[in-house]
Structures are given as C-alpha cells and as structure tokens.
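Remarks on the structure that follows.
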Amino acid sequence: MATLISCGPGFVAKTLGLLSSRSLARCTCVCAAVRGISFSTSSGGPPKRPLTGYLRYAVQQRPAVAKQYPDVRIVEITKKIAQEWRLLSPEQKKPYQEAALAAREVYKEEMTKFKEQLSPAQAAALKEEKRQKMARRRAIRKKRELTMLGKPKRPRSAFNIFMSEHFQEATGESMQSKMKNLFEDWSKLRISQKQVYMQLAEDDKIRYKNEMKSWEEHMVEMGREDLIRNRKKKTKPKKSVKAKGNKTNTKVVSESKGTETPASSPGTGKSASRAKKAEE
C-alpha cells in the first residue's frame with residue numbers, strides 16, 4: 001500500500017494507460033502549474049497529488065486483468081477494471097478509499113508547507129496557472145456538453161474537404177508530413193479544380209446553417225437559451241450631442257411689427273435696445 005501511495009499520476013499513465021493527455025492534465029498535481037519556475041526550497045519541488053481510491057484499485061488489478069486477457073487492448077482492459085470497480089460493494093471499496101483519504105491529508109499538509117516557502121512571484125505564478133487550468137477544464141466540459149446535446153459540427157473549408165478525400169493516398173510517414181504535402185498539392189491546383197471543393201464547402205455552410213437553426217430552436221424549447229448564438233443585446237439610447245458655446249439660434253418676434261429677428265447674445269444686448277428706440 002505504501003508503494004501505491006507514493007505512486008503519482010505519471011506512473012499510472014505509463015503503467016496503466018488509463019490517462020489520455022487531457023485526463024492526465026486533470027490528475028497531475030500543481031507541479032504543472034509551476035513548470036518553468038525555479039524553486040529553491042528545502043523540499044525540492046511541489047508534492048505529488050495522491051491517487052484516488054479507484055486509481056489505486058486499477059493499479060493493483062491491471063497486471064491480473066492483462067494476464068487474463070493478453071490479446072485485449074489497454075482501452076478494453078481499462079473498461080473491464082472500471083466495470084469491476086462499479087460492481088464492488090462499499091465494504092470492498094472501503095480500504096482503497098480510506099487509503100486515498102489518508103494520502104490526501106498528507107498531501108494537504110505537504111502542500112501547505114510547500115506554499116509557505118514560495119516567494120510572492122512564485123505564488124502568483126502558481127495561482128495564475130491554476131486559474132488557466134480551471135478555465136481549460138471548463139472549456140472541455142462545455143465542449144463535451146455541447147456534443148452530448150447534439151450541436152451540429154461546424155462547416156468544413158474547401159481545403160479540409162480536399163484533405164479528407166486524399167489523406168489516405170497522401171505521401172508521408174507522419175500526419176504532419178502528409179498534411180504538408182496535401183497543402184502543397186492544394187496550392188498547385190487550378191481555380192477550376194478547386195471550384196468543386198469550394199462548392200462543396202458552400203453546401204456544407206448551408207447544411208450547418210439549417211442544422212444550427214433547428215438545434216437552437218430545440219435548445220429554446222429545453223430552456224437552454226444560454227447556448228443560443230448572437231443573443232439580442234439591449235441597445236443603449238444614444239446620447240444627445242450638446243451644442244458648443246452659449247449662443248442660441250432661437251428667434252424673437254418683435255411685438256410692434258411682428259418681424260422675426262435672431263436672438264442676440266449677451267454681448268449684443270445694447271445694440272438691440274438702441275435699434276428698438278430708433279423704431280419708436
């Protein structure tokens with residue numbers, strides 16, 4: 001059991017094959033958050049995050065399951081172990097869960113001591129990396145949710161359609177080299193040859209537009225207006241532009257003759273009074 005406690009997520013990823021690149025990011029400890037930061041602490045680095053009860057069980061059971069099913073892929077072995085874990089009774093799961101809780105308490109204490117040794121810059125970097133990690137997790141959960149809700153796939157470009165049709169026959173050992181060669185082939189095509197794929201891309205845009213319209217209507221019926229694109233925003237009233245200066249353009253009607261004259265500014269008040277006396 002002590003060996004299991006000391007094992008980290010990296011060990012599980014290598015020996016068990018349970019963790020993909022995304023799930024490994026979820027299980028790794030905060031050492032990923034401080035990657036690239038130089039630590040000069042007595043501990044030498046952040047403590048490793050302990051395994052959960054299920055991962056402890058999986059590490060223990062994998063050799064036996066792999067020996068029982070030698071021709072089965074690692075993904076299928078993982079599924080079998082997960083199924084066995086679900087069938088265990090609470091009493092059977094208890095030793096693994098208790099060991100995980102005990103290791104987590106030790107981890108918390110070690111992490112507290114580790115953070116106390118950090119400089120303000122290191123602590124700030126640790127906090128920022130943790131925030132970014134949480135943002136990535138939210139984005140992954142959001143994407144998974146949209147996939148489960150059946151959101152239509154975005155339209156493909158003309159080059160993407162060309163690449164999907166010719167990828168199998170493309171030359172190159174790796175995916176990157178194949179894509180590079182396909183891009184070169186695409187660049188050499190004439191406009192008339194590209195027109196076929198451009199028309200397919202336009203048709204795919206229409207498909208996407210129609211499917212998104214139906215999907216968003218369904219989301220509104222489900223009460224998920226938060227997933228609708230381009231939600232109408234309240235328009236703010238335009239501010240009236242104030243006229244520059246103190247001069248006004250109002251007209252004054254003369255009582256004696258009924259003629260309209262522009263209103264005078266304060267500086268021309270005396271000339272207006274003189275003109276009125278002359279009329280009298």
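The sole residue among ALA124, ALA99 that is in a helix (DSSP H, G or I), touching a Lys or Arg at 6+ places or on another chain (Cβ under 7 Å) and among the hydrophobic types (A, V, I, L, M, F, W, C) is ALA99. Out of ASN249, ASN181, ASN210, one residue alone is modelled with pLDDT of 85 or more, open to solvent by 80 Å² or more (accessible area, probe 1.4 Å) and out of contact with any helix residue (DSSP H, G or I) (no Cβ under 9 Å at 6 or more places or on another chain). It is ASN210. All of ILE161, ILE228 fail the test of being under 30 Å from LYS142 (Cβ atoms), out of contact with any His (no Cβ under 6 Å at 6 or more places or on another chain) and modelled with pLDDT of 90 or more, apart from ILE161. Taking residues in the stretch 87-106 that are among the hydroxyl-bearing types (Ser, Thr, Tyr), and partners anywhere that are assigned to a helix (DSSP H, G or I) and surrounded by 11 or more Cβ atoms within 10 Å (Cβ to Cβ), the pairs with Cβ atoms closer than 8 Å and at least 6 places apart or on different chains are TYR96/GLY53; TYR96/TYR54; TYR96/ARG56; TYR96/TYR57.
The values are calculated or read from the model by the stated rules, or taken from the named source; none is laboratory data. Note that this is a predicted model, so its numbers are computed, not measured. Methodologically, a virtual Cβ is constructed for each residue, glycine included, from the backbone with ideal geometry; neighbour enumeration extends over all protein chains shown. We work out accessible area using only protein heavy atoms, side chains counted, and drop any ligands, DNA or RNA first. Shrake-Rupley method; radii C 1.70, N 1.55, O 1.52, S 1.80 Å.
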